[in-house]
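First up is the structure itself, then whatever we jot down about it.
The values are calculated or read from the model by the stated rules, or taken from the named source; none is laboratory data. Computed from a prediction, not measured in an experiment: that's the story for all the values here. Positions of Cβ are backbone-derived with ideal geometry, glycine not excepted, and every protein chain shown enters the neighbour counts. Heads up: the accessible areas ignore ligands, DNA and RNA and are worked out on the full protein's heavy atoms, side chains in. Shrake-Rupley method; radii C 1.70, N 1.55, O 1.52, S 1.80 Å.
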Amino acid sequence: MALMGFDVARWRPGPLLPGSDARDGSLIFVVAVLTFLAVATAITGLAADRAARGWTAQLNHSATVVVRPSAGETPDGAAAKAADALAGVKGVAEARALEKEKAEALLKPWLGDTSILADLPVPRLVTLDLDPKAPASLASLTAKLKEQGIDATVDDHRLWIADIERGARVARWSMLGVFVLISAAAAAVIAFATRAGLAARRDVVEVLHLSGASSGFTAGLFQWRFARMAALAGLFGGAGAAILGALARMAGGGAGLTPVLPVAWIDLAAAIPAPFVAAIVAALAARAAALSLVREMA
Amino acid sequence: MRYGRAPEVLNNINFQLMPGSFHFVTGASGAGKSSLLKMIYLAHRASRGRVSLFGRDISTVPGRDLPFLRRRIGVVFQEFRLLDHLSAFDNVALPLRIAGKKANDYRQDVAELLRWVGLGERMQAEPPTLSGGEKQRLAIARAVINRPDVLLADEPTGNVDPAMSLRILRLFVELNRMGTTILIASHDEDLVANSGRPVLHLDSGRLIALGDAQGNLHGEAG
Ligand SMILES: Nc1ncnc2c1ncn2[C@@H]1O[C@H](COP(=O)(O)OP(=O)(O)OP(=O)(O)O)[C@@H](O)[C@H]1O
Ligand SMILES: [Mg+2]
């Protein structure tokens, strides 16, 4: 039999753990999928949060005043008077009386033919842009109108804002809940697979143990092996979710998804910790499993 | 000692091996030879009684010190327990790596020992490709490479021819001369007789001392 030359001087120690087996492939797949779901949830959550913030900011910085003309006044005259009065209130950036046409246009969707309104004293609207830094309060606006003897109601969108904020809160907590659940599932899968992987190499662990390897030494071998595997899976899953987020960002420019789910490029950074977190979870699970296996042998 | 909840497989065992001594353990199959060795190489605890190693009562040794005791014991397992994914060379180097030695300090020793046990041409072979006798010689090489203070060998000549068996005995004698305490479990009556060494005879888990072993017997374990 021909012998391959073996050069003792060039020998390098081989890996103490056997190479990867079929199980490793499915572990990487499952962890990658779970990481993908976790990161996608995080990106969606961040975008939803941004959407809610945007809406409340818009509503916070504006108010609508419904002006009812008193006897002897034209609706437009009353609106103009109210706009003038409100423009002087501190915290109001701009006050505009909506013209008749605009007011009617707002009613059209509900009434259809607005010609019937011609003779009716249709209330006029005054829209206010508030100073975003120190918006005028509802009370100060109402007081000013009263002082000027104008019959009007101010709507500072408080009800809407409260609704949106409540909705955003629910969305935020449920996203967080889903994220935590998926992450916990990923961690459990990693821990489970690590345990199975270790049990399959029990014979190796036993030989190392009986040859005087400390439990920390043996645990370290498995720790690194599984950390590397989970990092790879986390990289795949995180990158997949980031690519999906990038597609949503590019597809949604202006219209489409953007107003509902305004994904920002920065949100994609949620994928960055994925490989590291997966690796840390795997390392801890592998360490715990290896230590308990070695403890069984002692 | 006992396995799980099964009845005790060893009892009434009471002996002491002096440092530098050389004993055989004999007995019928199932008498408890391997079990006795397992207790000494710290793979199994005694269910009662006391086991002392290197002057220390094992039950009082803290867990973190046990690996260091194990490194002073070389074991030839009855079923070899070679690592199938590693080459013969790597298998022999294993105890040295675990002990934290540097490859450059031991690679020539490993090669020399492999040549000595007749595996000079099979250094790169993985254990599954070796014959029974080759595996046995590899297991012996791994057990002695780190110059253990105590060598425990379970049927170390069960798979080799008489010539190789004598050669292995000579290796053990050589190690013993350099100070290694040796305990060999064996069925090989010729080998035991040839060696002229004292014999601990087990009968159904009980120790019946034979030959000139009496002088050294002390201590107890169950
Ligand atoms: N892992 C185990 N679990 C349960 N019982 C065991 C185990 N190993 C050995 N035994 C039992 O312990 C007793 C002693 O076995 P042991 O292996 O020590 O015998 P032995 O003298 O080495 O035999 P042999 O010459 O066949 O190797 C036997 O009755 C055996 O069935
Ligand atoms: Mg046996």
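Scanning segment B:181-197 for residues that are part of a loop (DSSP other than H, G, I, E, B) and crowded, with 20+ Cβ neighbours inside 10 Å yields B:S186, B:D188, B:R197. Test B:F54 against the criterion of being away from ligand 1 (no atom under 16 Å from the Cβ) and either open to solvent by 70 Å² or more (accessible area, probe 1.4 Å) or within 28 Å of B:S195 (Cβ to Cβ) (or both), and give yes or no. The answer is yes for B:F54. Entry remark, segment A:5-39: residues being open to solvent by less than 20 Å² (accessible area, probe 1.4 Å) and within 30 Å of A:E165 (Cα to Cα) number 3 in total. Pairs linking a residue in segment A:1-26 that is closer than 19 Å to B:L114 by Cβ and facing chain B (nearest Cβ under 10 Å) to a residue that is open to solvent by 90 Å² or more (accessible area, probe 1.4 Å) and at pLDDT 70 or above, with Cβ atoms under 7 Å and 6 or more positions apart or on different chains, are A:L3/B:E121; A:M4/B:Q124; A:F6/B:Q124; A:V8/B:Q108. Within segment B:153-178, the set of residues being of a type outside the set (D, E, K, R), over 15 Å from the mean Cα position of the chain (by Cα), surrounded by fewer than 20 Cβ atoms within 10 Å (Cβ to Cβ) and more than 16 Å from ligand 2 (Cβ to nearest atom) comprises B:P162, B:A163, B:M164, B:L166, B:M178. B:Q108 - would you say it is touching a helix residue (DSSP H, G or I) at 6+ places or on another chain (Cβ under 7 Å), in contact (Cβ under 8 Å) with a residue 24 or more places away in the chain and surrounded by fewer than 20 Cβ atoms within 10 Å (Cβ to Cβ)? For B:Q108, the condition - touching a helix residue (DSSP H, G or I) at 6+ places or on another chain (Cβ under 7 Å), in contact (Cβ under 8 Å) with a residue 24 or more places away in the chain and surrounded by fewer than 20 Cβ atoms within 10 Å (Cβ to Cβ) - is not met. When each of B:S47, B:S59, B:S29 is tested for being assigned to a helix (DSSP H, G or I), more than 10 Å from chain A (Cβ to nearest Cβ) and small (G, A, S), the lone residue that passes is B:S59.
Scanning segment B:195-222 for residues that are at pLDDT 80 or above and among the polar types (S, T, N, Q), which turns out nearest to ligand 2 (Cβ to nearest atom)? Here the answer is B:S204.
Hey, could you check segment B:71-121 for residues that are under 21 Å from B:L183 (Cα atoms) and among the β-branched types (V, I, T) and say which is farthest from the other protein chains (Cβ to nearest Cβ)? Once the filter is applied, the top-ranked residue is B:V117.
In this structure, does B:A43 turn out to be closer than 29 Å to B:L10 by Cβ and within 16 Å of ligand 1 (Cβ to nearest atom)? Considered against the rule, which asks whether it is closer than 29 Å to B:L10 by Cβ and within 16 Å of ligand 1 (Cβ to nearest atom), B:A43 comes out as yes. Can you find a residue in segment B:27-43 that is away from ligand 2 (no atom under 16 Å from the Cβ) and surrounded by fewer than 18 Cβ atoms within 10 Å (Cβ to Cβ)? Checking segment B:27-43: not a single residue is away from ligand 2 (no atom under 16 Å from the Cβ) and surrounded by fewer than 18 Cβ atoms within 10 Å (Cβ to Cβ).
The rows are residues; the columns are (1) open to solvent by 10 Å² or more (accessible area, probe 1.4 Å); (2) modelled with pLDDT of 95 or more; (3) facing chain B (nearest Cβ under 8 Å); (4) assigned to a helix (DSSP H, G or I).
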site	(1), (2), (3), (4)
A:V204	no, no, yes, yes
A:G216	yes, no, no, yes
A:R225	yes, no, no, yes
A:A233	no, no, no, yes
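Counting the residues of segment A:145-165 that are at pLDDT below 85 and part of a helix (DSSP H, G or I) gives 9.
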